[in-house]
Amino acid sequence: MSESSEWKKISKSKEERPKIQVYKNWKELPPIPISLPIEGNIGITGDWRTFRPLILAGCNKCGICWMYCPEGVIKQREDGSFIIDYTYCKGCGICAKECPTKNIEMIRESEAKDE
Amino acid sequence: MSKVKDIIQNKETIIIKGNVAAAYAAKSARVQMISAYPITPQTTVVEKLSEFVDGGLMPGTQYIRVESEHSVMASVIGASIAGTRTFTATSGQGLFYMNEMIHWAAGTRLPIVTAIASRGAAPPWNIWADFTDVINSRDTGWMSAFCATHQEIYDEILMSYKVCEDHEVLLPKFVAYGGFILSHTSKPVIIEDQDLVDQYLPPLPDEKGWPHIFIDPDRPMMHGNLIMPSGFYSEFRLKIQDTIMKAKEKIKKATKEFERLFGRNYGNGLIKEYYMDDADVGIVIYGDLALQMEQAIEDLREEGYKVGMVKLRYYRPFPTEDIIEIAKKVDVLGVMDRGTAFGSPTGGPVSGDVLASLYNTGIKTKVLPMMSGIGGREVSLEQQKDQIKILIRLKETGELPDDLIHGTLWHGKLEVK
């Protein structure tokens, strides 16, 4: 099946298994391609973005955007406010759509000021 | 799954249809999940299994009803990924409809066993014995085997789990048998003792699932993502080819162990020879046609002809090495197909593979591609004897029959006067 036992580590718990799998050739590969969930697994997806979500000053920190974000790129700061990781945010706009107080605005990337 | 009391099946011989034998095999193998959509001539497999599940005879087995064959395979794939022993059955158009998911099952390396009550491809509608349906799934990475008897359907499904679930194999498999000829006729079939079947088969997967894929929140993983051409895509395809070829040894081992435990012989697993040792004319034949051909061979032996036959049991992996050895024994080898491969060198799927196997081996044996029984056309014992006599004539005179069509003998064509 595989000449290397390296791939068997994928069956271990999240903490025990390696972040990255290394295989040199076809004989060492596992039976099927498996990717383990690590940050940025599919690349810098922020590059795909056409519209950028901006959290406005009126945010009441309800956390609904955090709950709906399909990519898990909205994070909570210590003071309870939210920040969007633009390295991976694809700009889908679900957070803006779901925000009950309309405090997330989608603006064109070309019009956004880089912080 | 809740704990339910076990059902003890004792060894008994019952008179059942081929489809019912397939259902009994799934029961004996303690499959944990079944999904199937009825299609003639497979329908009674589904009916019997739902009867078993509903009647509490398959404790712990989930039966999932879906709306199409495509969803059948999708749900079976899901259940198999979750780490269960799965079973389904289909035929003809149903298998064609399933085709996309067939590739997913093999690419995910899931040990799914699927019974196929083979029927001809439409149009025109045809529901009778013809292996074109299972042969259509030839290049998917699934293993495939043909059955010649009712007992073989039951036995082959049990052996399939043994081979497919081997951690060195992990591939799905079709078990094909002729629609109506085997699926709807009744014969005595030995249903084996449950303890003995449990002893033969690997244990059911535990909650950790298969070694290569599982659904577990503590061990999250993703499968089925995109691989760029520069990635390992080609290498993963190579692994399937490497595995299915290496599975030949596992098949031989599983067949030998089956014979030791249950006492029924299926040759070396890949092929079964019949009167081949001193034969100078032989025929490669598969499925239900092989059963009656045994009688034809015996009759011609009585007439003094040194003839033999080879029952092809596995189509994928193809028993190339065995076919080479068989060809060395005889001067003329016929290959009888009940299934079509349009535009291929011979028009028949197996005859093309036999010719390809012998290329570059220096073997001088004459190979005659033959066709009969397409779309369930009846092939009589007399016709089968005639087919062998054509091969004998070829050996004695060196003359090919004058009615070959693109190099192949289509035997038993209708002629209206």
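Selection of segment B:349-363 for residues being farther than 20 Å from B:SER91 by Cβ, in contact with a helix residue (DSSP H, G or I) (Cβ under 9 Å, 6 or more places away or on another chain) and not acidic (Asp, Glu) yields B:VAL354, B:ALA356, B:SER357, B:LEU358, B:THR361, B:ILE363. The single condition among (1) within 8 Å of another protein chain (Cβ to nearest Cβ); (2) in a strand (DSSP E or B) that B:PRO220 does not satisfy is (2).
Scanning segment A:23-80 for residues that are farther than 30 Å from B:TRP104 by Cα and of a type in the set (Gly, Ala, Ser) gives A:GLY46, A:ALA57, A:GLY58, A:GLY63, A:GLY80. As a summary of the residue check, B:ASP242 satisfies the conditions (1) farther than 24 Å from B:LEU289 by Cα; (2) of a type in the set (Asp, Glu); (3) away from chain A (no Cβ under 14 Å) except for the one numbered (3).
Annotation: B:GLU192 fulfils all but one of (1) among the charged types (D, E, K, R); (2) surrounded by fewer than 17 Cβ atoms within 10 Å (Cβ to Cβ); (3) more than 8 Å from every other protein chain (Cβ to nearest Cβ); (4) touching a residue at least 60 places away in the same chain (Cβ under 8 Å); the unmet one is (2). Test B:ILE213 against the criterion of being touching a residue at least 60 places away in the same chain (Cβ under 8 Å), of a type in the set (A, V, I, L, M, F, W, C) and assigned to a loop (DSSP other than H, G, I, E, B), and give yes or no. Answer is yes for this residue. Looking only at residues in segment A:35-56 that are in contact with a strand residue (DSSP E or B) (Cβ under 8 Å, 6 or more places away or on another chain), without any contact (Cβ under 8 Å) to a residue 24 or more places away in the chain and assigned to a loop (DSSP other than H, G, I, E, B), the one that is nearest to the other protein chains (Cβ to nearest Cβ) is A:PRO37.
If only residues of segment B:42-71 that are among the small types (Gly, Ala, Ser) and in a helix (DSSP H, G or I) are counted, the one that is modelled with the highest pLDDT is B:SER71.
Of all residues in segment B:333-345, those that are at negative phi, buried (at least 23 other Cβ atoms within 10 Å of the Cβ) and not basic (Lys, Arg) total 5. List every residue pair whose Cβ atoms lie under 9 Å apart, where the two residues are 6 or more positions apart in sequence or sit on different chains, the first residue falls within segment B:116-129 and is touching a residue at least 40 places away in the same chain (Cβ under 8 Å) and of a type outside the set (Asp, Glu), and the second residue, located anywhere, is in a strand (DSSP E or B) and surrounded by fewer than 24 Cβ atoms within 10 Å (Cβ to Cβ). Pairs that qualify, where the first residue is touching a residue at least 40 places away in the same chain (Cβ under 8 Å) and of a type outside the set (Asp, Glu) and the partner is in a strand (DSSP E or B) and surrounded by fewer than 24 Cβ atoms within 10 Å (Cβ to Cβ), are B:ILE116/B:SER144.
The set of residues in segment B:154-189 that are more than 14 Å from every other protein chain (Cβ to nearest Cβ) and assigned to a loop (DSSP other than H, G, I, E, B) comprises B:GLY179, B:PHE180, B:ILE181, B:LEU182, B:SER183, B:HIS184, B:THR185.
Counting the residues of segment B:305-325 that are among the hydrophobic types (A, V, I, L, M, F, W, C), within 22 Å of the chain's Cα centre (by Cα) and crowded, with 24+ Cβ neighbours inside 10 Å gives 4.
The residue list B:GLU302, B:GLU273 contains one member that is more than 30 Å from B:GLY107 (Cα to Cα), surrounded by 18 or more Cβ atoms within 10 Å (Cβ to Cβ) and either touching a Cys at 6+ places or on another chain (Cβ under 9 Å) or not basic (Lys, Arg) (or both), which is B:GLU273. Of all residues in segment A:8-34, those satisfying the criterion of being facing another protein chain (nearest Cβ under 8 Å), among the hydrophobic types (A, V, I, L, M, F, W, C) and either over 24 Å from B:ALA105 (Cα atoms) or assigned to a helix (DSSP H, G or I) (or both) are A:ILE10, A:TRP26. Given (1) out of contact with any Ser or Thr (no Cβ under 8 Å at 6 or more places or on another chain); (2) modelled with pLDDT of 95 or more, identify the lone condition not met by B:ILE39. Against the list (1) out of contact with any Ser or Thr (no Cβ under 8 Å at 6 or more places or on another chain); (2) modelled with pLDDT of 95 or more, B:ILE39 comes up short only on (1). For segment B:91-142, which positions are of a type in the set (Ser, Thr, Tyr), assigned to a loop (DSSP other than H, G, I, E, B) and under 21 Å from B:ASP353 (Cα atoms)? Passing the criteria: only B:SER137. Condition first: closer than 26 Å to B:ASN225 by Cα, away from chain B (no Cβ under 14 Å) and either assigned to a strand (DSSP E or B) or among the aliphatic types (A, V, I, L, M) (or both). Can you find one or more residues in segment A:63-71 that meet it? Among the residues of segment A:63-71, at least one is closer than 26 Å to B:ASN225 by Cα, away from chain B (no Cβ under 14 Å) and either assigned to a strand (DSSP E or B) or among the aliphatic types (A, V, I, L, M) (or both), which makes the answer yes. Here B:VAL284, B:VAL307, B:VAL330 are screened, and the one residue that is β-branched (Val, Ile, Thr), within 16 Å of B:GLY348 (Cβ to Cβ) and in contact with a strand residue (DSSP E or B) (Cβ under 8 Å, 6 or more places away or on another chain) is B:VAL284. When B:PHE258, B:PHE236 are screened for being part of a helix (DSSP H, G or I), touching a helix residue (DSSP H, G or I) at 6+ places or on another chain (Cβ under 9 Å) and buried (at least 19 other Cβ atoms within 10 Å of the Cβ), only B:PHE258 passes. In the condition set (1) within 23 Å of B:TYR177 (Cβ to Cβ); (2) in a loop (DSSP other than H, G, I, E, B); (3) among the small types (Gly, Ala, Ser); (4) over 17 Å from the mean Cα position of the chain (by Cα), B:GLY352 is compliant with all but (2). Taking the criterion of being in a loop (DSSP other than H, G, I, E, B), touching a helix residue (DSSP H, G or I) at 6+ places or on another chain (Cβ under 6 Å) and not basic (Lys, Arg), the residues of segment B:334-348 that qualify are B:GLY339, B:THR340, B:ALA341, B:SER344, B:PRO345, B:THR346.
The values are calculated or read from the model by the stated rules, or taken from the named source; none is laboratory data. Computed from a predicted model, the values in this text were never measured in an experiment. A quick note on method: Cβ atoms are made from the backbone with ideal geometry, for glycine too, and the neighbour counts reach across all protein chains shown.
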